[in-house]
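One structure below.
A short reminder: the numbers here are calculations on the coordinates, not readings from a lab. This is a predicted model, so every value here is computed, not measured. Positions of Cβ are backbone-derived with ideal geometry, glycine not excepted, and every protein chain shown enters the neighbour counts.
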Ligand code: GLU
């Protein structure tokens, strides 16, 4: 078993000058209230150990990291049928592009852009009826704890300002790619994005992706091993906005970021890791968080490449 404590301390020291750099995602007003001076990092190994540094226990808005977990649920519910309605290619455009959705006839490029996640939310709604509670229940199951909730102020803030997401949902509906009412789908989606979790919780929640689709401890299966592979592949190719190439080059791990400044990354058969620092780079990924992950794979020599 590797002890990552010293490496995390070294990373913390190295990235400190970057913490506070970049910009906060203030297009969601409630996110603009977060101090840019935060930095946390947690590593969950498949041996069951957790290593952490900085603000790793502080909850933050996981935003688009939730798309990994809702995709997992949609895969459980719909299997391959999912891919009739969503593509699996990097978007090469903004995560909330309307133009791309229009000329591709309402089929979102991948499940990690907003349009894709709206279709995923629609699938959960159609199968389970309640796409809020079912996602919360799923997160509780992944983390073996019930202290995870939505941040209702963030969800409300998104609802008040999410005109572009509303346009995407209406577009999808007009193309016949939503079964439920756009308002209901948006409400579910905004709540999924508002999940409030710490680095430790996000890393723990993502461990099934490193562990062949199974939880630690009781070994409960969340998805099949090949489905865990599919999700990791999508994270690598579509998980970090319009800079997946740069992220793969620097970090060398599948990752999914969110505009709250969190990033979940996975090393199959080894660990899941989460960083959080709210300042974003020009591509919308956490500036200090990306650097910390780059340092982690460089210092440990562990990456998928
Ligand atoms: N809730 C955010 C939005 O829809 C998610 C953005 C993100 O984290 O990528 O704009």
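Sorting check: for 12-24, 268-280, which peptide has the highest mean count of neighbouring beta carbons within 10 Å, and how do the rest follow? Mind showing how you got there, number by number?
Numbers: 12-24: 16.7, 268-280: 25.5.
Packing proxy ranking, top to bottom: 268-280, 12-24.
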To test your reading of the geometry: what angle, between 0 and 90 degrees and rounded to tens, separates the Cα axis of helix 152-161 from the longest principal axis of the chain? 50
How far, in nm, would the chain grow between residue 50 and residue 141 when pulled straight, counting 0.36 nm per residue and subtracting the alpha carbon separation? 31.0 nm
The relative contact order of region 45-110, taking Cα pairs under 8 Å that sit 6 or more residues apart, comes to a percentage of 27
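Given the -39500 (n - 2.57) contribution per DSSP H run of 4+ residues, what per-residue ellipticity at 222 nm results for the chain, rounded to the nearest 500 deg cm²/dmol? List each step's numbers first, then the result.
Working: 13 runs with 136 residues, N = 305.
Helix-only estimate at 222 nm: -13500 deg cm²/dmol.
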Just want to confirm a number: the relative contact order over the chain, from Cα pairs under 8 angstrom separated by 6+ residues, in percent. 27
Between 0 and 90 degrees, rounded to the nearest ten: what's the tilt of helix 287-300 against the longest Cα principal axis of the chain? 50
What's the angle, to the nearest 10 degrees (0 to 90), between helix 66-78's Cα axis and the longest principal axis of the chain? 60
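Using per-residue counts of other Cβ atoms within 10 Å, averaged over each peptide, order 214-227, 289-302 from highest down. Please report the intermediate quantities before stating the final value.
Details: 214-227: 15.0, 289-302: 20.6.
Highest mean packing first, the order is 289-302, 214-227.
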Arrange the following residues from fewest to most other Cβ atoms within 10 Å of their Cβ: 238, 199, 143. 143, 238, 199
Using a Gaussian network model on the chain with a 10 Å cutoff between Cα atoms, which of 129, 245, 206 fluctuates the most? 129
Region 1-143, relative contact order [Cα under 8 Å, separation at least 6], %: 17
If the viscosity is 1.002 mPa s and the temperature 20 °C, what translational diffusion coefficient in µm²/s does Stokes-Einstein give for the chain when Rh comes from Kirkwood over Cα pairs? 114
